[in-house]
Every structure is written in C-alpha cells, then in structure tokens.
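Undergrad: Supplied in structure tokens, the structure appears directly below.
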Amino acid sequence: MKYLIIILPLITGFGIDCILGDPYSMPHPIRLIGRLISECEKLVRRKFINHLRLGGFFLVLAVVLISSAVPFFILLTAYKISTVFGIAAESIMCYYLVAAKCLKDESMKVYYAENEHDTEKARKAVSMIVGRDTAVLDNKGIIRAAVETVAENTSDGVTAPIMYMALFGAVGGFFYKAVNTMDSMIGYKNEKYADLGFFAAKLDDVLNYIPSRLTALAMILSSAVLKYDFRNAYRIWKRDRRKHASPNSAQTESVCAGALNVRLAGDAYYFGELHKKEFIGDNNREIENEDIRRSNRLMYVTSVVVLAVSVIIRVVLWGVIL
C-alpha cells in the first residue's frame, strides 16, 4: 500500500494531463511562476542597475525558493489532514507540471492549418510554441519549427518534470519548472538578458543535462516501438547531438530527425537577428505535414517509457528510504 501512495500522484497526474491537457480558462501555477519572474525582473532592474548579473543570481534564488516552498507547505498541510487528501493535492500538482497534451494540441493546430493550406494561420499557430521569428518561414519552415519544438519539449515539457517528480515528488517538479520557465523568459544571450539571465540559463543547462540524454535514449527505443527508423535515430543522435548552442536541445532533436529521416534546425531569426545554426539530420526526404503527427506519437511513447522507468526508480528509492 505504501508504494501505491508514493507512485499514485505521478501516474494520476500524467493520466489527467493525457485526458484534459492544460486548463486555459483556469489559473495555472506555471503562469503564476511566470508572473513572479516578471515582477522579480522589474525589481532587479531597479535595484541592480549596474550589477545585473548579481541581480540575476538573486532573481533565480528568490523564484526557486518561492516556487518550491509554496507547494511544499501546501502538501505538508494536505498530508497532515489525510493521506487521501495529500495524494489528491499532489496528483493535481503533478498534472499541472506535465505538458504532453498541450504540446500535442498546440503543434496539431499547425498541422490542421497546413492541411487547410492556410499559411498565415499555420504561421500564427507555430509562433505560439517557438521563440524564433516566424514571419520569414515558408510552409516547410513552419512544419520544421513545429516538429523541432515537439522534439525539444518532449524533454523540457514532459519527461524531465517526470524524472524530477520521481526523485523529489511534486516539489522537485516545481523546482525544475521554475528554472525552466526562467530560462524560457530571461535565458537569452542578447543584450537585454545576457547578464540578467546568465544564472537562469546555466542552471537550466545543469538540470536538463541528464534528463535530455536519458530522454534521447528512451526516444530511440520508442522509435523502434513505432517502427520508425531507430537505427538512423541512433546514428544521427551520435553524430549531431552536440550541434546546438545549448548542450541539451540537440539531444532529442537529433533522435527525432534520424527517426523521421528528415533534416531539422539550420539558420533562424530571433528578435530580427539571424542566428547561424548547423543542420541536424540528413536531408533524405522533404519534411511533410504528417511529420508533426509522427513527432507527437514519438513524444507520447517516449513519455510512457520514461514514466514507467521513473515509477520503478521511485519505488526502489522509497523502498531503501522506508
């Protein structure tokens, strides 16, 4: 029974996400973390005008502490009330921390728009899930951007939170998502954020180092399950996994490119500035709209594989502790 208690929130949270996805009409803790980051940024820019890197350190510290402390005390109170209440509260938290259905739904908006041959609608849809400038993208570029973001966010949005929740419960998941959200908001290397977002970006790299690589291995296994080209997925991963400014992003992108036999990445514009990037994968065939659907299947199977392994690890760890 004790093992069921420790794994139920993680499994239930993932299951709820698969069914419901993110509730757009309700307050979301990750959006609240985003608001906290924005307010802390304003404060830091006022108080650390000439020392933004130091201010960025205190921003990271404040956001991580608040984002972890609040769910910790909520769960402490919930479990004191009753085990059932605690499991229910932690299950809801785990649900909010996993974004598999949201990632699928948002990328499929691009898919459906492309099916309707509505380039502007597809461009607008992809702009909601990528950080690059989308005005310059043609149809192939739009599809490629959608596939890339599904591949990259398989780790950031789904499997990495699962791994941290497996090790440290929902509080660990919130710790991870706080850092990951900071990186997505202030972790840019442009003039505005190079100093302020330095520590957020570095900490995000550290936290994602192992999860991104474990996710890549799970994705190779999942490509075999789906009868994708898993041998090529492994080959491209070995060859191209470091072809990104981030030490982690190309891990899953390279597997996806190899599994689908397409070429991803390449030059991209951010805030009107061209960033030169290497290609990932071989141009064995032209990317097509159906690759968005294929990448989502790969994301889901990979997530289930990681969830299964994470549940086993959680049971083993708690077996040792208890």
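The values are calculated or read from the model by the stated rules, or taken from the named source; none is laboratory data. Worth saying up front: this structure is predicted, and the values here are computed from it rather than measured. Every residue, glycine as well, gets a Cβ built from its backbone with ideal geometry; the counts of neighbours run over all protein chains shown. Calculation scope for accessible area: heavy atoms of the full protein, side chains included, ligands and nucleic acids excluded. Shrake-Rupley method; radii C 1.70, N 1.55, O 1.52, S 1.80 Å.
Undergrad: I need the full set of residues from segment 225-243 which are part of a helix (DSSP H, G or I) and either in contact (Cβ under 8 Å) with a residue 60 or more places away in the chain or surrounded by 24 or more Cβ atoms within 10 Å (Cβ to Cβ) (or both), in order please.
TA: V225, A233, I236, W237, D240
Undergrad: Here's something else I'd like to know. Considering every residue within segment 1-16, establish whether at least one is assigned to a helix (DSSP H, G or I), in contact (Cβ under 8 Å) with a residue 60 or more places away in the chain, open to solvent by 100 Å² or more (accessible area, probe 1.4 Å) and not aromatic (F, W, Y). Can you show your working first?
TA: First pass over segment 1-16, keeping only residues assigned to a helix (DSSP H, G or I): 2-16.
Then keep just the ones that are in contact (Cβ under 8 Å) with a residue 60 or more places away in the chain; that gives 2-3, 5-14, 16.
Of the ones still in play, those that are also open to solvent by 100 Å² or more (accessible area, probe 1.4 Å) are none.
Looking for residues that are assigned to a helix (DSSP H, G or I), in contact (Cβ under 8 Å) with a residue 60 or more places away in the chain, open to solvent by 100 Å² or more (accessible area, probe 1.4 Å) and not aromatic (F, W, Y), one finds none in segment 1-16, hence no.
Undergrad: Please enumerate the residues belonging to segment 172-215 that are over 17 Å from the mean Cα position of the chain (by Cα), crowded, with 20+ Cβ neighbours inside 10 Å and assigned to a helix (DSSP H, G or I).
TA: Scanning segment 172-215 gives a single hit, F199.
Undergrad: State yes or no: is F85 of a type in the set (F, W, Y) and either surrounded by 23 or more Cβ atoms within 10 Å (Cβ to Cβ) or in contact (Cβ under 8 Å) with a residue 40 or more places away in the chain (or both)? Before you say what the answer is, go through the steps one by one.
TA: Numbers: of a type in the set (F, W, Y): yes; either surrounded by 23 or more Cβ atoms within 10 Å (Cβ to Cβ) or in contact (Cβ under 8 Å) with a residue 40 or more places away in the chain (or both): no.
No.
Undergrad: Consider K101 carefully, then state whether it is part of a helix (DSSP H, G or I), surrounded by 16 or more Cβ atoms within 10 Å (Cβ to Cβ) and basic (K, R).
TA: Considered against the rule, which asks whether it is part of a helix (DSSP H, G or I), surrounded by 16 or more Cβ atoms within 10 Å (Cβ to Cβ) and basic (K, R), K101 comes out as yes.
Undergrad: Could you say which residue among S222, S246 is closer than 16 Å to A151 by Cβ and surrounded by fewer than 24 Cβ atoms within 10 Å (Cβ to Cβ)?
TA: S246
Undergrad: Would you call K109 without any contact (Cβ under 8 Å) to a residue 40 or more places away in the chain, assigned to a helix (DSSP H, G or I), closer than 25 Å to I16 by Cα and within 20 Å of the chain's Cα centre (by Cα)?
TA: yes
Undergrad: Being among the small types (G, A, S), in contact with a helix residue (DSSP H, G or I) (Cβ under 6 Å, 6 or more places away or on another chain) and closer than 16 Å to S249 by Cα is the filter here; which residues of segment 133-186 pass it?
TA: A145, A146, A151, S155, G157, A160
Undergrad: Return the total of residues in segment 120-166 being assigned to a helix (DSSP H, G or I), in contact (Cβ under 8 Å) with a residue 12 or more places away in the chain and open to solvent by less than 40 Å² (accessible area, probe 1.4 Å).
TA: So the count comes out to 26.
Undergrad: Does V44 satisfy the criteria of being in contact (Cβ under 8 Å) with a residue 40 or more places away in the chain, touching a Cys at 6+ places or on another chain (Cβ under 7 Å) and in a helix (DSSP H, G or I)?
TA: Numbers: in contact (Cβ under 8 Å) with a residue 40 or more places away in the chain: yes; touching a Cys at 6+ places or on another chain (Cβ under 7 Å): no; in a helix (DSSP H, G or I): yes.
Considered against the rule, which asks whether it is in contact (Cβ under 8 Å) with a residue 40 or more places away in the chain, touching a Cys at 6+ places or on another chain (Cβ under 7 Å) and in a helix (DSSP H, G or I), V44 comes out as no.
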